[in-house]
Amino acid sequence: MNVQPVPTSGFSPTPSLQAAAQAARKGGVRIVDVVKMYGVEGAGVLAVDHCTFDVPAGEITVVVGPSGCGKTTLLNAIAGFHSLSGGSIYLDDEMLCGPGRLKAEPGPDRIVVFQNGALFPWKTNIDNIAFGPLMQGLMTRAEAYEKARDMMADAGLRGIERNYPGEISSGVRRRVEIVRALMNDPKILLLDEPYRALDSLTKSVMHEALLEIFYKNRVTIFFITHDLEEAIFLGHRVVIMTTRPCRPKKILDIDIPHPRDYAVLTTKRFREFMDETAAAVHEEAIKAFAAGEMER
Amino acid sequence: MSEVELASFRGTDARRAMTSDTVSQATSLALTMYRLSSWLKSPRPYLMLIGFAGFLGFWYLAVEIWKLPRFAEMPGLTQVLTEWLSRDPTYGLSIFMEEYYLHIWVSTRRIAIAFFLATAIGVPLGLFLGWSKRFMQFVFPVFELLRPVPPLAWVPLAIVMFHGSETPVIFLTFLASFYATALNTMLGVESIDVSYVRAASCLGAKRWQVFRHIIVPGALPYIFTGLQISVGVAWFSLVAGEMVSGQYGLGYVINTSYTMVRYPTIIIGMVTLGIVGYVTSAAIRLLGDYMMQWRTRELALGGER
């Protein structure tokens, strides 16, 4: 399949003009030659195979790949839930994990928003949001709740402070979870297919809400999905992964200007990106299917 | 006059506003009252009454009217009721006798002590079994080997180990209770989605903070299921224990009434056990609803009551 070359895309992205501006921002992640094996050495399953790419600071990087390809493994390594078998990961030039320290320590500078949501159902929304600073001992109770209330109001979540997560819709739950993460001023947000379980209407609202949060906070976002349209709509950079073992197959810099809204979906440029990548994603999906990868 | 009317109108309005506010805050008590009223409006209580009437009616007819084989020897409904409600019971036990309440009190006290001990030891043990793989690896096999041994099989050892008649009975009651509580608590910890633990550590919670804020509340639904089972089996083994050893108590009443051929008193003991057992189990359910309002509200939203 012949792919029309696009100036801003390529296998090894060249530093853009914005690079200097981004250097001041936090949350850039460098993934260098990362390998992850599951199981016993030699007899294990290779989940991530010599994977190298950058997550530029202050941008949204979306990783697309078939289900079960190992992209979540990568996210878990950054978050500090899993160890690496080889390679290293840097956050703002500081090594998170690598030779001599195979597993990063989970911490409030890298906060995960989980696939199925992980608001604590036994805590009210505001208790959930104030949880981080209180656990870290950074704020008094009064300060934490004051900030939580302000942030909820900012995010349009006023009035549900005293409700439990089980009492609000799943879309609103995701927003509460993102606010809970932002409470800690993280350098990077790690989103693991956060909108997978939502219907497509809610999803489109959530996408715009996420962009709005991003424009306000300019926090670096690492976003995992298997939805190509979602990836191109949200991302500054889209990394298309091969099926297991996962490795970048194609890295695109999406030059559709931000701020974006849903009108972007019907533009010619968006369609061009879709056309350019659909074949690559489809090819991997077929391979994944042939390899018998199951939907987890 | 119109002003007075207006004021009173405002008064009702304010009261109405207050009521709606209370409802939206849905305290446990308000929720219970709401459930009670909707229960009375539903057909369920009336179906329940019909069920009871059918059961009691069959008892009455089978024993006292038709005198069916095998039923003829049983005490009949009217005989039991007159005995139970009599100021001067033929066999010495009715709701007017002080001794009746002494039996209830002794049994309840044993249950309370055994249940309290089982909870105080079983819940922490279960939490640590689920929380620490290492701890589980050396405790759980022993636990699993002891668990299938029925409390009744412990009777001789209990009598040898503990002096008097009171402690062996409490020990037997404790045993059954303890297994149910510990096991369910452990399952509760294991049921917690790993995402919650990960999210907490992302948000900067230390190990013991994760234990206090995630593990304990996350296991609570299973813990309360365990406590419901626990109080049920506590009554079960209490009666067994009281039949073997001990003085006073409902199990003792049933057993001595059998040897002394006071058949109606057996039934009185059984019915009383049913009522007291139901009350204890309902009390635990209420406590659970109160402690897990997040869950009660979630279920209420799902249309389950």
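The numbers here are math on the coordinates, done by the rules we state, and not lab data. Treat the numbers as computed from the prediction; the structure is a model and nothing was measured. In this analysis, Cβ positions are derived from the backbone assuming ideal geometry, glycine residues included, and neighbour counts consider all displayed protein chains.
What is the mean number of Cβ atoms from other protein chains located within 10 Å of the Cβ atom of each residue in peptide A:163-171, rounded to a whole number?
Details: counts 2, 7, 2, 9, 5, 1, 0, 0, 0.
Per-residue shielding by partner chains comes out at 3.
In what sequence, highest mean first, do B:226-236, B:183-193 appear when ranked by Cβ atoms within 10 angstrom? Intermediate values should be presented prior to the final figure.
Numbers: B:226-236: 22.6, B:183-193: 20.4.
Ranking, from highest mean packing down: B:226-236, B:183-193.
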Karplus-derived 3J(HN,Hα) from phi for the range B:53-65 (6.51 cos²θ - 1.76 cosθ + 1.60, θ = phi - 60°), whole Hz, x at Gly and Pro, runs 4, x, 5, 5, x, 5, 4, 4, 5, 5, 8, 9, 9
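Arrange the following residues from fewest to most other Cβ atoms within 10 Å of their Cβ: A:Met274, A:Met152. List each step's numbers first, then the result.
On the way: A:Met274 16, A:Met152 22.
Going from sparsest to densest Cβ surroundings: A:Met274, A:Met152.
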Residue pairs, from the table A:Lys103/A:Lys287; A:Lys123/A:Lys216; A:Lys36/A:Lys203; A:Lys36/A:Lys103; A:Lys250/A:Lys287, whose Cα atoms sit over 21 Å apart:
A:Lys103/A:Lys287; A:Lys123/A:Lys216; A:Lys36/A:Lys203
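Would you mind giving the mean number of other chain beta-carbons within 10 Å of the Cβ of each residue in A:111-120, as a whole number? Provide the component values of the computation, followed by the final result.
Details: counts 4, 6, 2, 7, 1, 2, 3, 11, 3, 9.
For this peptide, the per-residue mean of nearby foreign Cβ atoms is 5.
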Using a Cα-Cα cut-off of under 14 Å, which aspartates and glutamates could be cross-linked to B:Lys206, ignoring same-chain neighbours fewer than 8 residues away?
A:Glu105
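Need the full-extension length gain, B:Val142 to B:Leu85, defined as separation in residues times 0.36 nm minus the C-alpha distance. One decimal, nm. It would help to have the intermediate numbers written out before the result.
Numbers: separation 57, 0.36 × 57 = 20.52 nm, distance 4.93 nm.
Difference between extended and current length: 15.6 nm.
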Would you mind getting me the FRET efficiency between A:Arg162 and B:Met161? Use the beta-carbon distance for r and R0 = 56 Å, nearest 0.05.
0.60
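What's the exposure ranking of A:Glu230, A:Glu212, going from fewest to most Cβ atoms within 10 Å?
Numbers: A:Glu230 21, A:Glu212 14.
Result, fewest neighbours first: A:Glu212, A:Glu230.
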Just grab the label-to-label distance for B:Phe71 and A:Arg196, each label 7 Å out from Cα along the Cβ direction, in nm (one decimal).
6.0 nm
What is the range B:233-284 by shape, rounded, prolate or oblate, if you read a ≥ b ≥ c off the alpha carbon gyration tensor as root eigenvalues and call it rounded for a/c under 1.5, prolate for a/b larger than b/c, and oblate otherwise?
oblate
From other protein chains only, count the Cβ atoms within 10 Å of every residue's Cβ in B:30-41, then give the mean.
0
Volume per residue (Å³) of the convex hull spanned by the alpha carbons of the protein assembly as shown is 273 Å³
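When all alpha-carbon pairs of chain A are counted, what percent fall beyond 34 Å?
Numbers: 8726 of 43660 pairs.
Taking all Cα-Cα pairs of chain A, the fraction more than 34 Å apart is 20 percent.
Arrange B:Thr256, B:Thr181, A:Thr277 by Cβ neighbour counts within 10 Å, fewest through most, would you?
Working: B:Thr256 16, B:Thr181 28, A:Thr277 22.
With the fewest neighbours first, B:Thr256, B:Thr181, A:Thr277 line up as B:Thr256, A:Thr277, B:Thr181.
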Computed over chain B, the Cα gyration tensor eigenvalues, each multiplied by 5 and square-rooted, give semi-axes in Å (largest first) of 40, 36, 17
Compute the distance from the alpha-carbon center of the range B:46-72 to that of the range A:222-237, in whole Å.
70 Å
Enumerate the calculated ³J(HN,Hα) couplings along the range A:126-131 in order (Karplus 6.51 cos²θ - 1.76 cosθ + 1.60, θ = phi - 60°), each rounded to whole Hz, writing x wherever the residue is Gly or Pro.
6, 5, 4, 5, 7, 4
Residue-wise, which Karplus ³J(HN,Hα) couplings in Hz belong to the range A:85-93, taking 6.51 cos²θ - 1.76 cosθ + 1.60, θ = phi - 60°, and x for glycine or proline?
9, x, x, 8, 10, 10, 10, 6, 6
